[in-house]
1. Looking at B:ASP49, B:ASP33, can you tell me which residue is at the interface with another protein chain (Cβ under 7 Å from one of its Cβ atoms) and farther than 16 Å from A:PHE54 by Cβ?
2. Taking the stretch B:44-80 on its own, how many of its residues are in contact with a Gly (Cβ under 9 Å, 6 or more places away or on another chain), closer than 13 Å to B:ILE126 by Cα and assigned to a loop (DSSP other than H, G, I, E, B)?
3. Being over 15 Å from the mean Cα position of the chain (by Cα), surrounded by fewer than 20 Cβ atoms within 10 Å (Cβ to Cβ) and modelled with pLDDT of 95 or more narrows it down to one of B:THR11, B:THR3, so name that one.
4. So which pairs qualify, if the first residue must be in the stretch B:14-32 and more than 16 Å from A:ALA44 (Cα to Cα) and in a loop (DSSP other than H, G, I, E, B), the second must be of a type in the set (Val, Ile, Thr) and open to solvent by 10 Å² or more (accessible area, probe 1.4 Å), the Cβ gap must be under 9 Å, and the two must be at least 6 apart or on different chains?
5. Restricting to the stretch B:96-114, and then to whatever is open to solvent by 20 Å² or more (accessible area, probe 1.4 Å) and either modelled with pLDDT of 75 or more or within 8 Å of chain A (Cβ to nearest Cβ) (or both), can you tell me which residue is farthest from B:ASP46 (Cα to Cα)?
6. If you take just the strands (runs of 3 or more DSSP E) that sit entirely in the stretch A:62-171, which of them hold at least 2 residues that are hydroxyl-bearing (Ser, Thr, Tyr) and at pLDDT 70 or above?
7. Quickly run through the stretch A:36-56 and pick out the residues that are under 22 Å from A:LEU26 (Cβ atoms) and either more than 8 Å from every other protein chain (Cβ to nearest Cβ) or assigned to a loop (DSSP other than H, G, I, E, B) (or both).
8. How about the stretch A:32-50: which of its residues are open to solvent by less than 10 Å² (accessible area, probe 1.4 Å) and more than 10 Å from the chain's Cα centre (by Cα)?
Amino acid sequence: MAQPMNDPNLDLDSVTDSVDSGTEILNVSDCWALIRSAEVARLAVCVNDQPDIFPINYVVDHGTVVFRSAPGTKLSAATGNAVALEVDGVDSADSATGHVWSVVVKGTAEVLTEILGVFEATGLPLFPWQASPKPMFVRIEPAEITGRRFRRVDPATASENIAARPSGSYE
Amino acid sequence: MDTHTFVDDLTDDVCQTLLASHDVGRLAFLGDDGYPIVFPVNYAVDGDDIIVKTDHGEMYEHVPLHRVAFEVDQFDEAKHTGWNLLVRGEARDVTDSHGEIYAMGLRRGPTVWAPGERHHWLAIRIERISGRQIVRSTSQDSNPHEPNGATDE
């Protein structure tokens with residue numbers, strides 16, 4: 001069952017109280033703006049009852065997400081099934097001080113088979129980074145989109161983190 | 001200039017080095033509603049385990065004692081190059097009654113970027129690790145077996 005939009009079911013790994021904790025829940029249009037601003041997402045799929053996850057490059061097209069794939073891959077095996085697409089980033093050149101955001105789209109992935117749909121998709125600015133042939137177009141129809149954004153916790157004030165901080169872990 | 005890209009498998013050693021030298025990954029697991037769930041998380045490596053801290057209900061209900069997929073990557077959107085790792089393994093809750101990590105001596109905990117407290121420690125056993133990189137062959141790029149991300153920025 002789909003969760004309500006105000007339920008922060010995506011998370012940079014915890015937090016239930018979004019406002020007090022400093023985490024901002026993004027509205028749907030902000031989520032789309034962030035998805036359009038990036039090129040690489042991670043697609044989580046379920047193959048043989050096991051979770052799997054792949055980076056893909058994608059474009060947004062009429063409220064859907066389109067990517068290319070090749071027959072016989074695990075990615076193509078996931079089509080027709082429920083998938084979750086995750087995109088994240090830092091909205092500043094300085095990743096130590098910027099806002100970190102993450103958006104998740106849950107939906108169903110379908111291979112485009114109708115010739116008209118394939119023609120339309122062929123015109124999308126979608127250029128896989130790898131040279132290997134990817135003749136299939138896969139479209140994710142969103143069922144739910146959620147996103148959140150927060151300012152990265154300052155390690156100088158996070159005493160809990162200082163004690164456990166592995167050296168050199170900050171990028 | 002003539003360029004082409006190709007995909008290269010990373011050796012086990014390179015995969016382990018990349019995993020240990022980064023601290024953000026994406027954890028994928030299966031939820032109740034039939035959808036896979038994916039979260040970006042901060043992590044640390046402890047021996048054969050990836051350690052994650054959480055207070056998120058979905059994560060600590062669905063991850064322990066289940067098989068999960070964990071992905072780490074770094075991409076250059078301008079050059080269209082990058083690498084990614086995929087780890088598969090079973091996860092378990094390693095929190096003890098004091099809220100400290102169980103039997104690990106807290107050598108390394110993940111540095112968490114997100115605000116909020118976290119009381120649950122999860123360990124993902126690194127049962128299988130694989131990695132690939134996308135290489136452009138034109139420029140005077142360094143040895144493709146040493147992806148840029150292998151050294152911390």
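The values are calculated or read from the model by the stated rules, or taken from the named source; none is laboratory data. Everything quoted here is computed from the prediction, not taken from an experiment. Ideal geometry is used to build each Cβ from the backbone, glycine not excepted, and the neighbour counts take in all protein chains shown. Ligands, DNA and RNA are excluded from the accessible area calculation, which covers all protein heavy atoms including side chains. Shrake-Rupley method; radii C 1.70, N 1.55, O 1.52, S 1.80 Å.
1. That would be B:ASP33, the only listed residue that is at the interface with another protein chain (Cβ under 7 Å from one of its Cβ atoms) and farther than 16 Å from A:PHE54 by Cβ.
2. The number of residues fulfilling the criteria is 1.
3. Answer to the check: B:THR11.
4. These pairs meet every condition: B:SER21/B:THR151.
5. My answer is B:TRP113.
6. Qualifying strands (runs of 3 or more DSSP E): A:64-69, A:99-111.
7. If the condition is that a residue be under 22 Å from A:LEU26 (Cβ atoms) and either more than 8 Å from every other protein chain (Cβ to nearest Cβ) or assigned to a loop (DSSP other than H, G, I, E, B) (or both), then A:ARG36, A:SER37, A:ALA38, A:GLU39, A:ALA41, A:LEU43, A:ILE56 are the ones that fit.
8. Once the filter is applied, which keeps residues that are open to solvent by less than 10 Å² (accessible area, probe 1.4 Å) and more than 10 Å from the chain's Cα centre (by Cα), the stretch A:32-50 yields only A:VAL45.
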